[in-house]
Amino acid sequence: MNASSIQAIILAAGKSTRFNTGRSKLLERLCGQEMILYTTKLFESLSLPTTVVLGYEAENIKKVITNHHTQIMFAEQPEQKGTGHALACSQHTWMSDHILVINADMPLITKKIINELIEKHLTKNADVSFVTSHTENPSQFGYGRVIQQNGTLKIVETRNYQGTEIDDCCINAGIYMFKKTFLNNYLPQLGSQNAQNEFYLTDLIEKASAHQLTIETVAASFDHIRGVNTLKELWSAEQIKRAELISHWMDNGVRFFAAQAVHVDENVTIGQGSTISYGTHVINGTKIGINCHIEPFSIISNSTIGNNVTIYSHSVITDSTIEAHTKIGPFAHIRTHSTIKQSATVGNFVELKATTLGANSKAKHLAYLGDTTAGERVNIGAGTITSNHNGFSKQPTTIEDNAYIGSNNTLVAPLTIGKNSYTAAGSVITKQVPPEALAIARAYQVNKEGYARKLREKFAKEQQTKTNELKESEAVSFVAALKTHNDSTLSGNT
Ligand code: UD1
Ligand code: CA
């Protein structure tokens with residue numbers, strides 16, 4: 001194919017009325033990627049110059065596109081007067097002999113279908129070509145019917161369709177290819193005498209047929225051409241996309257337990273021999289190495305997981321790097337560019353924020369480390385936290401190699417804890433700890449021999465006094481209540 005003779009136009013100006021969220025459906029993510037990018041990326045991969053027609057939420061859609069593409073052209077449809085009108089609004093950007101038009105709301109479309117359409121259109125020297133499909137109840141989803149009427153081929157929109165579903169189950173997919181000369185002649189002739197008073201792009205088929213021009217069709221499976229008009233259709237399309245992604249990783253040796261309950265985004269990678277369990281989300285560009293085990297209900301977003309890592313259940317890892325042979329969780333929270341180095345352990349109810357935990361180090365229970373750099377073979381005792389925020393700014397903590405932080409420490413940053421040092425359990429460490437030192441920062445314990453018995457006697461006596469007082473006051477109030485009752489009974493006020 002001669003790609004330079006073809007240009008793609010993506011119709012993306014529509015109002016998303018049926019989507020009913022008050023937002024453009026094209027900004028909605030499907031397996032982690034905005035819907036609009038499925039078509040723009042496809043055409044980029046085919047090296048087709050592309051124009052996107054924008055209208056509703058134009059600026060937001062444009063921003064998403066320009067974050068990913070540098071070459072795309074834009075056209076504006078200031079008022080949404082239908083798909084034919086949208087195409088006409090792009091006319092000033094047409095540079096090629098053939099114009100390939102696609103609806104922006106078909107994220108499941110494949111390269112194969114587009115290539116088939118292009119090839120057929122060019123080899124048959126067609127004036128118009130388009131993709132068709134079949135579905136059981138097209139009216140429910142609003143697809144246009146492809147029908148023959150009195151020798152003319154036409155597309156009849158659901159709103160104007162009179163026949164029965166069984167007679168006409170061939171539908172218009174929403175992908176077309178036209179000779180530019182055909183469009184120049186016939187696009188200005190489109191009328192808007194229909195149920196919506198819109199200029200329907202689909203009416204071009206009837207025009208081509210009526211003028212005995214060459215029309216070609218390519219059939220595609222319904223699952224690849226599904227349009228997304230409603231939230232329900234988005235749900236269906238995302239399930240199909242997700243199933244495709246999971247099948248792909250299964251083919252690459254990834255075991256999914258209860259695959260139906262796993263969410264995988266389209267831009268993640270998972271290494272051979274890894275297992276992904278029930279309710280887990282692997283999203284947002286995450287890379288998982290080989291032989292990793294991700295246990296149920298973990299969420300891993302925009303993170304890199306090395307080889308042979310175990311992430312126990314209910315762990316949340318965001319924007320972070322987890323190196324090989326580490327063990328994380330259950331219930332760990334690792335975020336904001338944290339790094340867990342080789343063979344380290346992060347246990348249950350441990351939160352790490354903007355923190356590096358060195359190789360072979362351990363923070364096994366109930367800890368918070370923020371803005372901390374911990375060296376190798378460091379131990380963080382249960383219940384330890386860094387006090388890294390002074391009410392105005394974040395302060396760093398450095399814990400050098402082999403330091404042993406006792407349980408329930410508060411490390412008040414900024415702070416450095418030297419190599420090979422110890423801190424005593426329950427300490428509030430506010431000053432630097434030199435290497436090899438033991439830091440104790442807590443009240444000393446005093447044992448008073450035999451004092452426990454004295455205390456018990458004292459408490460028992462106090463308790464007895466209280467009980468006696470209570471009884472006395474109850475007796476007094478009973479007598480008072482009885483008196484009130486008798487007085488009122490005598491005066492007849494019962
Ligand atoms: C369209 C087709 C229908 C086909 C179906 C396939 C028409 C008239 N009908 O119907 O035959 O079976 O797609 O999914 O084309 N758009 C604009 N400007 C507008 C209106 C729409 O840019 O004024 C864009 C939308 O953003 C969308 C695309 O065109 O991406 C299709 O519009 P939509 O309203 O979804 O058309 P359907 O009713 O699905
Ligand atoms: Ca649609």
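Quick one: count up the residues across the range 163-175 that are open to solvent by 30 Å² or more (accessible area, probe 1.4 Å) and either modelled with pLDDT under 80 or within 16 Å of ligand 2 (Cβ to nearest atom) (or both).
Of the residues in the range 163-175, 6 are open to solvent by 30 Å² or more (accessible area, probe 1.4 Å) and either modelled with pLDDT under 80 or within 16 Å of ligand 2 (Cβ to nearest atom) (or both).
Just name the residue that is nearest to ligand 1 (Cβ to nearest atom) out of those in the range 1-36 that are surrounded by fewer than 19 Cβ atoms within 10 Å (Cβ to Cβ) and either part of a loop (DSSP other than H, G, I, E, B) or acidic (Asp, Glu) (or both).
The selected residue is Lys15.
Would you check which residues across the range 409-421 are open to solvent by 10 Å² or more (accessible area, probe 1.4 Å) and within 19 Å of Thr355 (Cβ to Cβ) and list them?
Within the range 409-421, Thr410, Val412, Ala413, Pro414, Thr416, Lys419 qualify.
Would you mention how many residues in the range 73-112 are touching a strand residue (DSSP E or B) at 6+ places or on another chain (Cβ under 9 Å), within 12 Å of Leu201 (Cβ to Cβ) and open to solvent by 10 Å² or more (accessible area, probe 1.4 Å)?
Going through the range 73-112 one residue at a time, the tally reaches 3.
Can you spot a residue in the range 357-364 that is touching an Asp or Glu at 6+ places or on another chain (Cβ under 7 Å), under 14 Å from Ser303 (Cβ atoms) and in a loop (DSSP other than H, G, I, E, B)?
no
Go through the range 181-197 and give me each residue that's surrounded by 19 or more Cβ atoms within 10 Å (Cβ to Cβ) and farther than 10 Å from Asp127 by Cβ. Explain how you work it out, then say what you get.
Let us first name the residues in the range 181-197 that are surrounded by 19 or more Cβ atoms within 10 Å (Cβ to Cβ), namely 182-183, 186-187, 190.
Answer for the range 181-197, where residues must be surrounded by 19 or more Cβ atoms within 10 Å (Cβ to Cβ) and farther than 10 Å from Asp127 by Cβ: Leu187, Leu190.
Among Arg453, Arg442, which is open to solvent by 100 Å² or more (accessible area, probe 1.4 Å) and out of contact with any Ser or Thr (no Cβ under 7 Å at 6 or more places or on another chain)? Quick ask: steps written out before the conclusion?
On the way: Arg442 fails: out of contact with any Ser or Thr (no Cβ under 7 Å at 6 or more places or on another chain).
Result: Arg453 is the single residue among Arg453, Arg442 that is open to solvent by 100 Å² or more (accessible area, probe 1.4 Å) and out of contact with any Ser or Thr (no Cβ under 7 Å at 6 or more places or on another chain).
Tell me which residues, restricted to the range 95-129, are away from ligand 1 (no atom under 16 Å from the Cβ), in contact (Cβ under 8 Å) with a residue 24 or more places away in the chain and not charged (D, E, K, R).
Let us first name the residues in the range 95-129 that are away from ligand 1 (no atom under 16 Å from the Cβ), namely 95-98, 111-112, 115-116, 118-127.
Applying the additional criterion that residues be in contact (Cβ under 8 Å) with a residue 24 or more places away in the chain yields 95-98, 111, 115-116, 118-122, 124-127.
Within the range 95-129, Met95, Ser96, His98, Asn115, Ile118, His121, Leu122, Asn125, Ala126 qualify.
Output yes when any residue across the range 37-60 is open to solvent by 20 Å² or more (accessible area, probe 1.4 Å), within 15 Å of ligand 2 (Cβ to nearest atom) and free of Cβ contacts under 8 Å to residues at least 12 places away in the same chain, and no when none is.
no
Kindly indicate whether Phe178 is in a strand (DSSP E or B), open to solvent by less than 50 Å² (accessible area, probe 1.4 Å), over 21 Å from Phe222 (Cα atoms) and not β-branched (Val, Ile, Thr).
yes
I'd like to check something: does the range 129-140 contain any residue that is assigned to a loop (DSSP other than H, G, I, E, B), at pLDDT 95 or above and over 32 Å from the mean Cα position of the chain (by Cα)?
No, every residue in the range 129-140 fails to be assigned to a loop (DSSP other than H, G, I, E, B), at pLDDT 95 or above and over 32 Å from the mean Cα position of the chain (by Cα).
Could you look through the range 82-105, keep only residues that are within 16 Å of ligand 2 (Cβ to nearest atom) and outside any helix (DSSP H, G or I), and pick out the one that is nearest to Lys179 (Cα to Cα)?
Applying the first criterion (within 16 Å of ligand 2 (Cβ to nearest atom)) to the range 82-105 yields 82-87, 101-105.
Within this subset, residues satisfying the condition of being outside any helix (DSSP H, G or I) are 82, 101-105.
Values: Gly82: 21, Val101: 11, Ile102: 15, Asn103: 18, Ala104: 21, Asp105: 23 Å.
Applying the filter and picking the extreme gives Val101.
Yes/no per residue for (1) among the hydroxyl-bearing types (Ser, Thr, Tyr); (2) closer than 21 Å to Leu369 by Cα; (3) not assigned by TED's automatic domain parsing to the domain that holds Tyr404:
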site: Gly271; (1), (2), (3): no, no, no
site: Asn291; (1), (2), (3): no, no, no
site: Asn307; (1), (2), (3): no, no, no
site: Thr310; (1), (2), (3): yes, yes, no
site: Ser315; (1), (2), (3): yes, yes, no
site: Ser320; (1), (2), (3): yes, yes, no
site: Glu323; (1), (2), (3): no, yes, no
site: Lys327; (1), (2), (3): no, yes, no
site: Ile340; (1), (2), (3): no, yes, no
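If we keep just the residues of the range 373-392 that are part of a loop (DSSP other than H, G, I, E, B) and hydrophobic (A, V, I, L, M, F, W, C), which is modelled with the lowest pLDDT?
Filtering the range 373-392 for residues that are part of a loop (DSSP other than H, G, I, E, B) and hydrophobic (A, V, I, L, M, F, W, C), the one modelled with the lowest pLDDT comes out as Phe392.
Filter the range 52-103 down to the residues that are in contact with a Phe, Trp or Tyr (Cβ under 6 Å, 6 or more places away or on another chain) and on the phi > 0 side of the Ramachandran plot and list them by number.
Residue satisfying the conditions is Gly82 alone.
Taking the stated definitions as given, is Glu157 open to solvent by 10 Å² or more (accessible area, probe 1.4 Å), away from ligand 2 (no atom under 16 Å from the Cβ) and among the acidic types (Asp, Glu)?
no
Which residues, taken from the range 113-152, are of a type in the set (Gly, Ala, Ser), more than 16 Å from ligand 2 (Cβ to nearest atom) and crowded, with 23+ Cβ neighbours inside 10 Å?
Ser129
What about Ile240, is it open to solvent by 20 Å² or more (accessible area, probe 1.4 Å) and outside the structural domain of Leu87 (by TED's automatic domain parsing)? So that I can check it myself, show each step before the final result.
On the way: open to solvent by 20 Å² or more (accessible area, probe 1.4 Å): yes; outside the structural domain of Leu87 (by TED's automatic domain parsing): yes.
Spelling it out, Ile240 is indeed open to solvent by 20 Å² or more (accessible area, probe 1.4 Å) and outside the structural domain of Leu87 (by TED's automatic domain parsing).
The values are calculated or read from the model by the stated rules, or taken from the named source; none is laboratory data. What you see is a predicted model; the values in this text were computed from it and never measured. A quick note on method: Cβ atoms are made from the backbone with ideal geometry, for glycine too, and the neighbour counts reach across all protein chains shown. Accessible surface areas use protein heavy atoms only, side chains included; no ligands, DNA or RNA. Shrake-Rupley method; radii C 1.70, N 1.55, O 1.52, S 1.80 Å.
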